[in-house]
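Take a look at the structure below.
The values are calculated or read from the model by the stated rules, or taken from the named source; none is laboratory data. This structure is a prediction, so every number in the text was calculated from the model and none was measured. Note that we place each Cβ from the backbone using ideal geometry, even for glycine, and neighbour counts take in every protein chain shown. Heavy atoms of the whole protein, side chains included, go into the accessibility calculation; ligands, DNA and RNA do not. Shrake-Rupley method; radii C 1.70, N 1.55, O 1.52, S 1.80 Å.
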Amino acid sequence: VIGNPPYIQIQKFPKAQKDIWVAQQYETYAATGDIYCLFYERGTTLLREGGHLCYITSNQWMRTAYGKKLRKFFSEIVNTKKLLDLGEGVFEATTNTNVLLFEKDSVTDTFLAANIIGIEEFDLNSELPWVTLAVTEEAWVVSSPQEQVILSKMKSIGTPIKDQAWGLSINYGIKTGFNDGFIVSSEVRSRLIDEDKSADE
């Protein structure tokens, strides 16, 4: 199976639809996630043993908190074969993408990955900058062997900002997706100005 499932944030769906997915007990469901994660899981359940699935999707699941469930799913259910991190600009879209190929077979500990951002032309049979990554629920970062050594060293001796004793709290700014809360009708505008003339400005 080769596919390109839709990318739609689960937050954008009505509660009734989200409740259905929760009731269906998707292992990859996360309230802050994207429905392409559910497509990976459903595609896997539809595959026969030994069948292959190859999707092109947003690459956000590789590093985000909501993607942890999908990475865990891959680490327990399928034999991940290859991952191409395409970055942006491959399609006329603003989404950074990747192509993941896996087999419905025994789980393996590692897989091949390549970051082809910046490569003008590529061929799957050519010498891509393949690296071996561990199949884990932790973030999947496709980088050169040298970069992997640096990242590994940083993780082993560094402390993540969230674990620092600085008393920092990182919060969302204003979310404007709730247009009904931010866009008012002419009638409401007039009423607000009648109540307080300074609201006109």
Among the listed pairs 82/162; 69/162; 12/197; 18/69; 18/81, which have their C-alpha atoms separated by more than 27 angstrom in this model? 82/162; 12/197; 18/81
Please give, to one decimal in nm, the separation of the simple spin-label points placed at residue 154 and residue 184, each 7 Å out from Cα toward the Cβ. 4.6 nm
Considering Cα pairs under 8 angstrom that are at least six residues apart, work out the relative contact order of the chain and quote it in whole percent. 16 percent
Of all DSSP beta bridges having both residues in the chain, the percent classed as antiparallel (nearest 5) is 75 percent
Per residue value of the accessible surface for the chain (all protein chains in place, 1.4 Å probe), Å²: 67 Å²
Arranged from highest to lowest average of other beta-carbon atoms within 10 Å per residue, in what order do the peptides 34-43, 106-115, 156-165 appear? 34-43, 106-115, 156-165
Length gained when the stretch residue 169-residue 32 is fully extended (0.36 nm per residue, less Cα-Cα span): 47.4 nm
Karplus couplings for the stretch 129-140 from phi (6.51 cos²θ - 1.76 cosθ + 1.60, θ = phi - 60°), rounded to Hz, Gly and Pro as x? x, 5, 10, 9, 10, 7, 7, 8, 7, 6, 4, 9
Run the numbers on the stretch 1-42 and let me know its relative contact order in percent, using alpha-carbon pairs under 8 Å that are six or more apart. 49 percent
Would you mind calculating the gained length between residue 161 and residue 201 on full extension (0.36 nm times residue separation, minus the Cα-Cα distance), in nm to one decimal? 10.3 nm
Between residue 87 and residues 5 or more places away or on another chain, the pairs with built amide H atoms under 5 Å apart involve 97
Taking 0.36 nm per intervening residue step and subtracting the Cα-Cα distance, what contour gain separates residue 7 from residue 49 on full extension? 12.4 nm
Whole-Å distance, taken between Cα centres, linking the stretch 181-201 and the stretch 3-26: 36 Å
Global form of the stretch 12-63, assessed from the alpha-carbon gyration tensor, a/c cut-off 1.5: oblate
Acute angle (nearest 10 degrees) that the helix 186-195 long axis makes with the longest principal axis of the chain, alpha-carbon atoms: 50 degrees
If you compute mean projected area of the Cα convex hull in nm² for the structure shown, which of [x] 16.9; [y] 17.6; [z] 15.7 do you land on? [y]
